[in-house]
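Where a number appears in this text, it was derived from the coordinates with a stated rule and is not lab data. Here the structure is a predicted model, which is why all the values come from computation and not from measurement. Here Cβ is always computed from backbone atoms with ideal geometry, including for glycine, and neighbour counts include all displayed protein chains.
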Ligand code: FES
Ligand SMILES: [Fe+2]
């Protein structure tokens, strides 16, 4: 439980890295959900994620001294502990102890490190988080064709264009932003009064908001289609003057800190990502909006029973949807 907020971490699929962050035969440490983990990509190209600490004498598999990147060496589809070179497979079982004749019975043929459920989709590496470690994923990561299929001719993830924030809040407060219509006017100075159709179906929800956007060429009518698949996968599709797809995926770092990654995808123009002009203006505007939200989110409190008025968005409905992701 968070001290400022009385909520556990919601369960779901969360973005822990981009595909381009992890090469074949590379390992890296991860710290999310208040836990230490290590991810590595085997020779078969598949990503594995394990709890970080070795069952032998407790080294972190993601930090060592001899490898360029500092993580445990990857051999085949296994990771080698940087401390005494015990070798583990992606299921967290000991494959080899190079200096011992026998694998001790305590760990032999057992899962001795916890292995996390991983999906790699949309150029993103996802991990399934649930406070009960035995609960298998309840849904799959949604495939977003423009991001998943390069043949469709959209821009790829560009690390230099990703915008990352770390904010002192919880995932629900950030998610609620999209149905808080009044704040768009007073915080973000979005000109028109947004009206929305909301659609809730299991772990998926979708809202289409008509909103005018300020650009250097004046105010342009547009629509914003926001979709969530659980608490971690979230995207916004802008149509109107331009086609822009934004991943606004978020992941709890711990109980009081959330990381948000904004990734933009646009149709390539003559084989290149569009530069400058309206597209850049829209991206800048969206980043400005989150910078503005951050100031409010980091200081606010959560109102369990807020005094809502008729101009507010469907906040109560959204909270009912969101409550399904709390296991406790
Ligand atoms: S601590 Fe990992 S092999 Fe010894
Ligand atoms: Fe906002």
Practice problem: State whether segment 12-129 is rounded, prolate or oblate according to the following rule on the C-alpha gyration tensor (a ≥ b ≥ c being the square roots of its eigenvalues): a/c under 1.5 gives rounded; otherwise a/b larger than b/c gives prolate, and the remaining case gives oblate. | Solution: prolate
Quiz prompt | Tensor-based shape of segment 206-328 (alpha-carbon gyration tensor, a/c under 1.5 rounded, otherwise prolate or oblate) | solution = prolate
Quiz item: What does the helix-only formula give at 222 nm for the chain: each DSSP H stretch with n ≥ 4 adding -39500 (n - 2.57), the total divided by the residues, and the result rounded to the nearest 500 deg cm²/dmol?
Solution: -4000 deg cm²/dmol
Practice problem: Starting from one equal scatterer on each C-alpha and no solvent at all, send me the Debye-based log10 I(q)/I(0) for the chain at q = 0.14 Å⁻¹, two decimals. | Solution: -1.13
Exercise. Give me the distance between the Cα centres of segment 148-168 and segment 1-42, rounded to whole Å.
Key: 18 Å
Quiz item: Hey, what angle do you get for helix 277-297 against the long axis of the chain, alpha-carbon based, 0 to 90 degrees rounded to 10?
Solution: 80 degrees
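Given Cα pairs under 8 Å that are at least 6 residues apart, what percent is the relative contact order of the chain?
Values: 678 pairs, mean separation 61.0, N = 328.
Relative contact order, the chain: 19 percent.
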Quiz item: If R0 is 45 Å, what FRET efficiency do you get for residue 320 and residue 23 from their C-beta distance, rounded to 0.05?
Solution: 0.55
